[in-house]
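The block underneath contains the structure these notes are about, expressed in structure tokens.
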Amino acid sequence: MAEGKNTKKRLIAWLLLAAALILSAVAFGMARYAMGFWPYLVGGAALVLLIVAAVFLRPNWAALSAALASLALLMRFAARGYAWWGYALLFVAALVVLHHFLPAVLWKIVVILTCVGLAYFCFVESFIIRSARTDADDRRDYLIVLGAAVYGDQPSLTLVRRMEGAMDYLDRYPDSIAIVSGGMGPGETVTEGQAMYDYMTAHGVDPTRILIEDKATSTEENLLNSFAIIRQCSGEPQGKVAIVSSAYHLYRAKLFAQKLGVPDAAGVAAPWGYFFVMLNYFIREAFGVTHFWVFGN
């Protein structure tokens, strides 16, 4: 009797898991075609089914790893701003599988490597977190506003936050000039520089206080091209530059400024967005900083 009941539970759980995977695929497709809130609704339904399936199949390592991997794919493809949470969950799912299949000696090696990796991650994050604030002495002649995604001609939330930080800075320092920097990327119908100019002037910033740099496609180009504009206007940029960006990005932005010969650039942290989205970008930034340390860009 108990055997039949357990078999029935497992069957229900696997059916729930299959339904969750199907809904996940549907959510991916909806997200790909930017179908508003529907990917989140369908993805939420898939998540509920995954949780219920996990309750039914709690002792089953395969179901647990499949549930984690499915949730990871949902966060990567169906929820904007949670991709690196998805990668982290996928890594945990891989650990579950490895724990089941690897011999004890190899599993110990995996655990040691994982611990070393986590220790290195914490080490990198210590630099990022220390710089994730506005510098006390941030008064400069020029404020470089680093670009971020634009959807069509509408600035993303990240870019809006950076512009809010820039407008607050311009209010505090009426003699400072903003350089809004960013070219045109995939899915954008205007350059990031132009989108920032339009947004900031529409929100009351004097157009004469904004210079547009609209060719850059990376942080390094943002700063390189902006420094060139400063040289044309008033000589060398040393001692004249503040950089506004998202808090998690300021450490790497300053590294690029130092590489380009402006080690005294001040950092101005944009207001935080959604907490878990910001944590997602703090995770991602550790890999960006590592890339800079290794390759210099």
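The values are calculated or read from the model by the stated rules, or taken from the named source; none is laboratory data. Owing to the predicted nature of the structure, the values given are computational and were not obtained by experimental measurement. Quick reminder, even Gly has a Cβ in these numbers, built from the backbone with ideal geometry, and neighbours come from all protein chains shown.
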Single unsatisfied condition, R161 versus (1) surrounded by 19 or more Cβ atoms within 10 Å (Cβ to Cβ); (2) closer than 14 Å to E213 by Cβ: (2)
Options V145, V150: the member that is of a type in the set (A, V, I, L, M) and either surrounded by fewer than 16 Cβ atoms within 10 Å (Cβ to Cβ) or modelled with pLDDT under 95 (or both): V150
Hey, among W107, W84, which residue is in a helix (DSSP H, G or I) and in contact with a His (Cβ under 7 Å, 6 or more places away or on another chain)? W107
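Hey, among D135, D168, which residue is surrounded by fewer than 21 Cβ atoms within 10 Å (Cβ to Cβ), at pLDDT below 95 and not small (G, A, S)? Step through it out loud before you land on a result.
Working: D168 fails: at pLDDT below 95.
Just a single option satisfies the conditions, and that option is D135.
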For segment 128-182, how many residues are out of contact with any Asp or Glu (no Cβ under 6 Å at 6 or more places or on another chain), more than 23 Å from S234 (Cα to Cα) and not in a strand (DSSP E or B)? 22
So, in segment 230-247, exactly how many residues are closer than 26 Å to S131 by Cα and touching a residue at least 12 places away in the same chain (Cβ under 8 Å)? 12
Among the listed residues V111, V55, V116, identify the single one that is aliphatic (A, V, I, L, M), modelled with pLDDT of 75 or more and over 30 Å from L250 (Cβ atoms). V111
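Answer yes or no as to whether L250 is surrounded by 15 or more Cβ atoms within 10 Å (Cβ to Cβ) and out of contact with any Gly (no Cβ under 9 Å at 6 or more places or on another chain). Walk me through it before giving the result.
Values: surrounded by 15 or more Cβ atoms within 10 Å (Cβ to Cβ): yes; out of contact with any Gly (no Cβ under 9 Å at 6 or more places or on another chain): no.
No, not satisfied.
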